[in-house]
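What follows is a set of notes on a single structure, which appears directly below.
The values are calculated or read from the model by the stated rules, or taken from the named source; none is laboratory data. What you are looking at is a predicted structure, and each value in this text was computed from that prediction instead of being measured. Don't worry about glycine lacking a Cβ; one is built from the backbone with ideal geometry, like all the others, and counts go over all protein chains shown. The accessibility values were calculated without ligands, DNA or RNA, using every heavy atom of the protein model including side chains. Shrake-Rupley method; radii C 1.70, N 1.55, O 1.52, S 1.80 Å.
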Amino acid sequence: MFGTIFNTVMIIAGSIIGGLFKKGIKDEYQDILMQAMGFAAVALGINAITQHLPDSKYPILFIVSLALGGLLGQSINLELRFNKLVNKFSKSNLAEGLSTAILLFCIGSLSILGPVEAALNKNYTYLLTNGMLDGITSIVLASTFGFGIAAAAIVLFVWQGSIYLFAKVMESAINTDLINEITIVGGILILSSGLSILGIKKFKTLNLLPSLLIPPIVIYVIHVFGLRF
C-alpha cells in the first residue's frame, strides 16, 4: 500500500499548494484555468478511448456498461446526492471540480494498473509516477476550485486500496481485458466531465459512475461460464 499512500499524500499536498494560489488569483485567471482544466479533461478522455477501444475484445461492452450503469446511477441519483453533500461545506462550484478530480485521479491506466502491480509483483513504479502526475494536477484543480479538491484523495485511497485487495484475493481474475474495458468506460466519463466544465452541456456524469462496475461483472461471468461475447 506504500504506492497508494504516496499517491494520496501527493494529492493532499498539491491541493494545499493550489488552494493557497487560489486566494491570490483574479476571477478572470480562475476562468481561464477552468477552461484549461476542461480542455485537459476532454483530451485525456479522448486519449483513453482511442488508445484502448481498438484493443477491446468486447466492442459493445462499453455501450452496455454505460446504459446499465446510467440506469442504476439515475435510480439512486448519485449526482444530486453528491452535490447536496458537497454544498453543505461549500457554496462554490466545488462539486463540479471535485467530481472531475475523482475521475481524473481514479480512472486511468496508472491508477488501475498501479495497485495490481503493487499487489502481485511489489512493483510501485506506476503508483509513484501516478502520484507525481496527480500532485501536479491537484495544484491546478485546487487553484481553480479550492482546498476541497483534497477530498478526492480519500476516494482515491479507497479506490486503489480496493483494487489492491481485490488483486491479492483474486489474482487469476485480473487481466488486461478487464483493465482495458474499465479504461474505455472511464475515458468516456472523463470526456463527459470535461465537456461539463467547458459549459458545452451539463452532463450527469456521476450518475454514469456505476458503469465502471459492469465490465468486471460481465468479464467474470464470461470467464467462469466460458461464454462467448
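Summary of computed values
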| read-out | value |
| --- | --- |
| GNM flexibility winner over the chain from Lys88, Lys204, Lys168 (Cα, springs under 10 Å) | Lys88 |
| Highest-fluctuation residue, Asn130, Asn175, Asn121 considered, GNM on the chain with Cα pairs under 10 Å | Asn121 |
| Overall Cα dimensions of the range 130-220 - principal axes, largest extent first, Å | 42, 28, 18 |
| GNM top mover of Thr176, Thr144, Thr129 - the chain, alpha-carbon springs below 10 Å | Thr176 |
| Helix-only [θ]222 nm of the chain, DSSP H runs n ≥ 4, -39500 (n - 2.57) each, per residue, nearest 500 | -25000 deg cm²/dmol |
| Only Lys, Arg (+1) and Asp, Glu (-1) charged, at Cβ; the range 1-225 dipole about Cα centre in debye | 600 debye |
| Nonlocal Lys pairs with alpha-carbon distance under 23 Å, the chain (8 or more apart, or different chains) | 14 |
| J(HN,Hα) series, the range 64-79, from Karplus relation 6.51 cos²θ - 1.76 cosθ + 1.60, nearest Hz, glycine and proline x | 4, 4, 5, 5, 5, x, x, 5, 5, x, 5, 5, 7, 6, 4, 4 |
| Surface accessible to a 1.4 Å probe, Leu85 within the full protein complex, Å² | 100 Å² |
| Computed log₁₀ I(q)/I(0) - Debye formula, equal Cα scatterers, no solvent, the range 1-225, q 0.11 Å⁻¹ | -0.53 |
